[in-house]
Amino acid sequence: MPTEAVLNLIGGTFQAASTDRFEDVFNPSTGEIIAQVPLSGREDAQAAVIAAGRALSSWSQTPVIDRARVMFRYRDLLEQHFDDVARLITRENGKTLAESRAELRRGIEVVEFACGIPSLFMGRSLADVARDVDADVMRHPVGVCAGITPYNFPAMVPMWMFPIALVCGNSFILKPSEKVPLTANRIGELLLQAGCPEGVFNVLHGGRECVDALLESPGVAAISFVGSTPVAREIYRRGAEYGKRVQAAGGAKNFCLVMPDADPVLAVQALAAASFGCGGQRCMATSIAVPVGDAADSLIDRLAQHAGSLRVGPTHEGDDVDLGPLIRAQHVERVCSHIESAAEGGATVVLDGRRSEPGGGFFLDPSIVDHVAPEMDVARTEIFGPLLSVIRAATLNEALRMGRDCEFGNGASIFTRDGYAARRFRDDFPAGMIGINVGVPAPMAWFPFTGWNNSFFGDLHVQGTEGIQFYTRQKVTLTRWLKPTGDDPRDPVWRGS
Ligand code: NAD
């Protein structure tokens, strides 16, 4: 049966890309091909840039409150279609329906934040900065913005970007991951229904070729990227070369420290959810557990028992599983090869999720390797699957040193009742998002998503007021007010009277 060819959304209409190159889109739960995504080329990218550029002048002059009203209507539509969109995320990404709902909820919160942008968009002024001279600073949009997004959050990550960019008066081109193109089109369709004028929001499908065209196009002013570190670094470098504003969030290797005084039930539940939720395919997933002191043996036993009891299976039929598949068969193979090489390197496989009969979907059960050494590949590389490495540390200092040796700096958590240990961890662990007795310390819409080190390239992060700063530029006006010539009836009366 021929599968659906995904359309680009350009200038307010869904249209076929002008390419004959396509890639299969799978339902990861079944392995079935559900659509074909076009690998748009330079011509399609150029068409998107032209459409977004044409829409810019009128949209940027639309009063900010009217731009925000589009987001109020969008929020209502997202609520009305909440379950359909969640099901679509599950269908093409494989995460459970509960996980899809949670991701969409986080995305809607950014839309809600964007509804309040008129207050945050305001400028500042200072009267009499010099005699008879006032100074004010106002925010202006930057122009056409592009967002390049990963497969693991098909709705939430694009929504980190475009609601804020649009209410700030920019037009937007979303280049979603080619592995999950359907959600992008659906959220774009709802945005059109909310009254977003044609060309203000566009969706361009494809891979490297169309990203290169966006990077090189003089018509694009700013690039937001979320994905793996090698690509983030390259996008940041090339975007800067072409004079663009760039924010590029990359990969991660997140630590979770468990101190001997931690609440054992909370620590095990939170660690299992943080390590194996979404199949470990979250940039905030825990991939290294560090039991400190004598916390290790009982923690690993309980964790292995808990993780071993999680129900892993197809997610598209209902709510009765805890974990779904990984995104592709090759990804399963890659994670399996890390389990194998960890074992060869001397680690102990405590829980082996490799299946002898994987079936139609791309499944791998939760896996734990213990006695991992910090210099092993499994401890240094981002694996992005349901594989937790355990590195035992004798002291808090030793655990903090491991953090300092890690190239990434996204999230890190500690489980403890000791205020001193928690405070030292907060202050000294080199990651931008810290959890204290919280497994996944992912900031919500009002806060920036503050990756550090090789987890982020740029200075202004997505979300919150940093998002507004990223999508606006400021203009300062100095005005000298001239006295009327001749007699001034107000002179010499004091202004306040
Ligand atoms: P990816 O880097 O392979 O792809 C991300 C996007 O970049 C996609 O749209 C893809 O089409 C495009 N792309 C891929 N290679 C490219 C190239 N050479 N040139 C130009 N564009 C290219 O990432 P992924 O596998 O889709 O997603 C998983 C990664 O994303 C993980 O590393 C994860 O940690 C990261 N991630 C980070 C965050 C964060 O906030 N730091 C959030 C979510 C995901």
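The values are calculated or read from the model by the stated rules, or taken from the named source; none is laboratory data. If you're wondering where the values come from, they're calculated on a predicted model, not measured in any experiment. Cβ atoms come from the backbone with ideal geometry, glycine included; neighbour counts cover every protein chain shown. Surface accessibility is based on the protein's heavy atoms, side chains included, excluding ligands, DNA and RNA. Shrake-Rupley method; radii C 1.70, N 1.55, O 1.52, S 1.80 Å.
Is the range 224-242 home to any residue that is within 11 Å of the ligand (Cβ to nearest atom) and in a loop (DSSP other than H, G, I, E, B)? Scanning the range 224-242, I find at least one residue that is within 11 Å of the ligand (Cβ to nearest atom) and in a loop (DSSP other than H, G, I, E, B), so the answer is yes.
For the range 243-261, the tally of residues that are away from the ligand (no atom under 15 Å from the Cβ), in contact with a strand residue (DSSP E or B) (Cβ under 7 Å, 6 or more places away or on another chain) and not aliphatic (A, V, I, L, M) stands at 3.
Which condition number does Ser337 fail, the rest of (1) open to solvent by 40 Å² or more (accessible area, probe 1.4 Å); (2) more than 16 Å from the ligand (Cβ to nearest atom); (3) farther than 13 Å from Leu388 by Cα; (4) touching a residue at least 12 places away in the same chain (Cβ under 8 Å) being met? That leaves (4) as the condition not met. Scanning the range 10-25 for residues that are under 30 Å from Gly324 (Cα atoms) and out of contact with any Asp or Glu (no Cβ under 7 Å at 6 or more places or on another chain) gives Arg21, Phe22, Asp24. Of all the numbered requirements in (1) within 16 Å of the ligand (Cβ to nearest atom); (2) touching a helix residue (DSSP H, G or I) at 6+ places or on another chain (Cβ under 8 Å), Thr416 misses one, and that requirement is (1). Only one entry in Arg131, Arg124, Arg139 is touching a helix residue (DSSP H, G or I) at 6+ places or on another chain (Cβ under 8 Å) and open to solvent by 40 Å² or more (accessible area, probe 1.4 Å), namely Arg139. Answer yes if at least one residue in the range 165-178 is assigned to a helix (DSSP H, G or I), open to solvent by 10 Å² or more (accessible area, probe 1.4 Å) and either touching a Ser or Thr at 6+ places or on another chain (Cβ under 8 Å) or touching a residue at least 24 places away in the same chain (Cβ under 8 Å) (or both), and no otherwise. No, because not a single residue in the range 165-178 is assigned to a helix (DSSP H, G or I), open to solvent by 10 Å² or more (accessible area, probe 1.4 Å) and either touching a Ser or Thr at 6+ places or on another chain (Cβ under 8 Å) or touching a residue at least 24 places away in the same chain (Cβ under 8 Å) (or both). Among the residues in the range 174-186, are any more than 15 Å from the ligand (Cβ to nearest atom) and of a type in the set (Lys, Arg)? Yes - at least one qualifying residue is present in the range 174-186.
If you go through the range 224-254 and keep only what is buried (at least 24 other Cβ atoms within 10 Å of the Cβ) and aromatic (Phe, Trp, Tyr), you end up with just Phe225. When you scan the range 322-334, do you find a residue that is surrounded by fewer than 23 Cβ atoms within 10 Å (Cβ to Cβ), without any contact (Cβ under 8 Å) to a residue 12 or more places away in the chain and more than 14 Å from the ligand (Cβ to nearest atom), even just one? Yes, the range 322-334 contains a residue that is surrounded by fewer than 23 Cβ atoms within 10 Å (Cβ to Cβ), without any contact (Cβ under 8 Å) to a residue 12 or more places away in the chain and more than 14 Å from the ligand (Cβ to nearest atom).
Taking (1) charged (D, E, K, R); (2) under 20 Å from Lys175 (Cβ atoms); (3) touching a strand residue (DSSP E or B) at 6+ places or on another chain (Cβ under 8 Å) in turn, Asp20 satisfies each apart from (3). Criterion applied to Ile391, Ile468 was being surrounded by fewer than 24 Cβ atoms within 10 Å (Cβ to Cβ), away from the ligand (no atom under 15 Å from the Cβ) and under 22 Å from the mean Cα position of the chain (by Cα), and the one residue passing it is Ile468. Taking the options Met161, Met156, name whichever one is within 19 Å of Gln247 (Cα to Cα), open to solvent by 10 Å² or more (accessible area, probe 1.4 Å) and either under 16 Å from the mean Cα position of the chain (by Cα) or acidic (Asp, Glu) (or both). Only one candidate qualifies: Met156. Candidates are the residues of the range 179-190 that are under 19 Å from Glu79 (Cα atoms) and in contact with a strand residue (DSSP E or B) (Cβ under 8 Å, 6 or more places away or on another chain); the one that is most open to solvent (accessible area, probe 1.4 Å) is Glu189. For the range 200-223, the set of residues classified as open to solvent by 20 Å² or more (accessible area, probe 1.4 Å) and either part of a loop (DSSP other than H, G, I, E, B) or more than 10 Å from the ligand (Cβ to nearest atom) (or both) consists of Glu216, Pro218, Gly219, Ala221, listed by residue number.
Of the residues examined, Gly439 is not one that is open to solvent by 10 Å² or more (accessible area, probe 1.4 Å) and free of Cβ contacts under 8 Å to residues at least 12 places away in the same chain.
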